[in-house]
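The values are calculated or read from the model by the stated rules, or taken from the named source; none is laboratory data. Computed from a predicted structure; not experimentally measured. All Cβ positions, glycine included, derive from the backbone under ideal geometry; neighbour counts span all protein chains shown. Surface areas here come from the heavy atoms of the whole protein model, side chains and all, with no ligands, DNA or RNA. Shrake-Rupley method; radii C 1.70, N 1.55, O 1.52, S 1.80 Å.
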Amino acid sequence: VGTAATEVTVGAELGALRDYVDGLEALKATAHLLGWDEKTKMPHKAAAGRARQKGLLAGMYHQRFTSPETLRLIEGVENVDPDNVEARLVRRDYEIATKLPEEHVVEFTQAASLANHAWESAREQDDFTIFEPHLSKVLELSRRSAQYFGYETEPYDALHDQFEEGSRAAELEPLFEQLRSPINALIDRQPEPDTSALERTYPIADQVAYCERIADAIGYDLQAGRIDETVHPFCTNIGPYDVRLTTRYQEDWLPAALFSVIHEAGHGIYEQAFDRLELPAVTGQAPGLGMHESQSRMYENTIGRSRAFWEYHYGELQRTFPGALGSVDLDGFVRQINTAQRSFIRVEADELTYNLHIAVRFELERAMVNGDLEAKDLPGAWNDTFEKWLGMRPPSDREGCLQDVHWTGLFGYFPTYTLGNVYAAQFVEECERAIGPFEDHLRRGEIAPIREWFDEHVYRHGRTLTGKEFVQRITGGPVDAGPLIRSLEQKFG
Ligand code: ZN
C-alpha cells in the first residue's frame, strides 16, 4: 500500500470510492474534534449546544454513509475488481450501518442515555434497584440488535463481533479458563504491595514536561499530536497527522499520568503509523479494539514497566523529581511500579489480576445476552462469579456489578481488553525471535527496532486482516494465552 506499484493499479472506480470515503472521514474528523474539545477545554455551560452540534454531524454522517451513492461506489469497484479489499471493508461497514432499522437505533440511543443517568445515581447511592429496569430495557434491545446483526452459534457473538471481528465466545471461554489457575497461583505468591515512593509529591508542571519527554522517547510524534488534561484518559484520531492523547495528573500518585501517557501513546503510535505509512483512509485503521489494546498494553506493561526501560530512563526521572525519588534506587522503583494484589475494582487492577476481572464480565454478559441471566439476578450472579474467579465476594454492588459503565449499552466489549493482552504477548514473542530480547534494546534507549517490526507485520496492514488473522499470520497458530502466561510468570514469578 502506498508504493508506486499499487498507485498504478488504482483505477477510476477505486479513486472515486477513496475520494468519497475521504469526505466522510473529514466529517468524522470534525465530530472527533468537537468530542476532544468537549472532554478537554469546553466551558461547562456549553454542554447542551455541543450535544446538538455533535448530533447534527452524526446524523449527516449516517445519512450520507447509508445512502445509495455509497452502494453504487462499492459496486463500481467490485465490478472491475471483485476481490478488492477496500470495497470489501466499506461494504462490511455499510451492511452493519444498514442492518439496524432506524427506529431501533433511536430507541436504543434513548434507552442507553437514560440507562447512563440511572447507572450514575445507582452507583453513587449503591442501589441496584435504580439501575435494574434500565438494564433490563437495554438488555432486551441488545438482544434484538443481535437478531438484526445475525450470528451462527449464539447471540452474544453478533454483539462481540462489532468490537472484534471474527472473535467468538466459544473460543474466548477456553482462553479465559487457561488463564485462571496460573494467574491465581502467581497472585498468591506476591508480597504485600508497597507503593509509598510513588505517593510522594510530584509537582504537576514537572509531570507535564516529563510525560512529553517520555512519550517522545517511545516514538509518539508530538509534531502530529499533543497531550492535554482530561478526567478519563483517552487517545483520539482527529484527522490526518493529528492524533491526540489525554491524561490526568495527580500530585501524590505518579503512575496516574506517567502510565496513562505511555498507555495512550501506545494507541497513538499505532494511529500515527497509518499516516506515516501512507495508508488510504479505508484501510488505515486498527481492525478492532483488541488489536488497538495490544499496542497500548505492550507499551505500558511490556516496555514501560520493564527494568531495562528504566535502566535507561530512571536517571532523568530521578533528576526531574529529586525530592520524591532521590533516595529510591532503580530496583526499588521497578518493584513499586509492578505490584499486584486482588481487589474489587477493575480500573484500579494491576497487570496480573486484570484479566480475571474481565473473565467475570465476559461470563456474565454472555449469559445476559444469550438469555440465560436476567437483569434482576445480576447482583447475586456477579458475586458468585467474582468469587469463582478471584476467590472473594464484593461487600457491595458499588464495588460489584455497578462499577462499570459498559452495560448501559456496550455488551460484547469487555473481552477485547484481555484479547489485547493475549495478542501483545504473542506478538512480542515473535518480535523477539526476529530482533532479539526487548531488554537488550530498551537498556540502550532503543525503540526503533521494535517499532520497525510492528510497522512491517502489523501497522502496514491497517485493518485488512482481523485480530485473529494477524495472530495466525504472525505466529502461524491460533490465538493462545500461553505467551501471556509465560510473560507474567517471568515477571511476577
Ligand atoms: Zn487503551
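Here are some notes:
- Test: Ile74 is open to solvent by 30 Å² or more (accessible area, probe 1.4 Å), β-branched (Val, Ile, Thr) and not in a loop (DSSP other than H, G, I, E, B): no
- Taken as a whole, the structure leaves Cys401 outside the set of residues that are without any contact (Cβ under 8 Å) to a residue 40 or more places away in the chain and crowded, with 19+ Cβ neighbours inside 10 Å.
- When every residue of segment 422-430 is checked against the conditions, at least one turns out to be over 30 Å from Ile345 (Cβ atoms) and either more than 16 Å from the chain's Cα centre (by Cα) or modelled with pLDDT of 95 or more (or both).
- Selection within segment 288-319 - open to solvent by 30 Å² or more (accessible area, probe 1.4 Å), away from the ligand (no atom under 16 Å from the Cβ) and of a type outside the set (Asp, Glu): Arg307, Tyr312, Gln318, Arg319
- Glu103 at negative phi and over 26 Å from the mean Cα position of the chain (by Cα): yes
- On inspection, Glu293 passes the criterion of being within 29 Å of Val21 (Cβ to Cβ) and touching a residue at least 12 places away in the same chain (Cβ under 8 Å).
- Scanning segment 368-418 for residues that are assigned to a loop (DSSP other than H, G, I, E, B) and on the phi < 0 side of the Ramachandran plot yields a count of 22.
- The one condition from (1) within 24 Å of Lys28 (Cβ to Cβ); (2) within 16 Å of the ligand (Cβ to nearest atom); (3) open to solvent by less than 10 Å² (accessible area, probe 1.4 Å); (4) part of a helix (DSSP H, G or I) that Val243 does not meet is (4).
- Condition met for Gly284 (at pLDDT 95 or above and within 16 Å of the ligand (Cβ to nearest atom)): no
Each row is one residue, and each column tells you yes or no for (1) over 23 Å from Asn421 (Cβ atoms); (2) in contact (Cβ under 8 Å) with a residue 12 or more places away in the chain; (3) of a type in the set (D, E, K, R); (4) more than 16 Å from the ligand (Cβ to nearest atom).
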residue: Asp216; (1), (2), (3), (4): yes, no, yes, yes
residue: Asp252; (1), (2), (3), (4): yes, yes, yes, yes
residue: Pro255; (1), (2), (3), (4): no, yes, no, no
residue: Ile262; (1), (2), (3), (4): no, yes, no, no
residue: His267; (1), (2), (3), (4): no, yes, no, no
residue: Glu271; (1), (2), (3), (4): no, yes, yes, no
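- Which listed residue, of Glu165, Glu140, Glu124, Glu120, is assigned to a loop (DSSP other than H, G, I, E, B), open to solvent by 40 Å² or more (accessible area, probe 1.4 Å) and either in contact (Cβ under 8 Å) with a residue 24 or more places away in the chain or not β-branched (Val, Ile, Thr) (or both): Glu165
- Unique match (being hydrophobic (A, V, I, L, M, F, W, C) and more than 16 Å from the ligand (Cβ to nearest atom)) among Ile435, Ile358: Ile435
- Residue check for Ala349: at pLDDT below 95 and more than 20 Å from Val428 (Cα to Cα): yes
- Residue count for segment 351-367, restricted to those that are assigned to a loop (DSSP other than H, G, I, E, B) and either on the phi > 0 side of the Ramachandran plot or open to solvent by 30 Å² or more (accessible area, probe 1.4 Å) (or both): 1
- Within segment 186-223, the only residue that satisfies the criterion of being open to solvent by less than 10 Å² (accessible area, probe 1.4 Å) and under 20 Å from Lys39 (Cα atoms) is Cys211.
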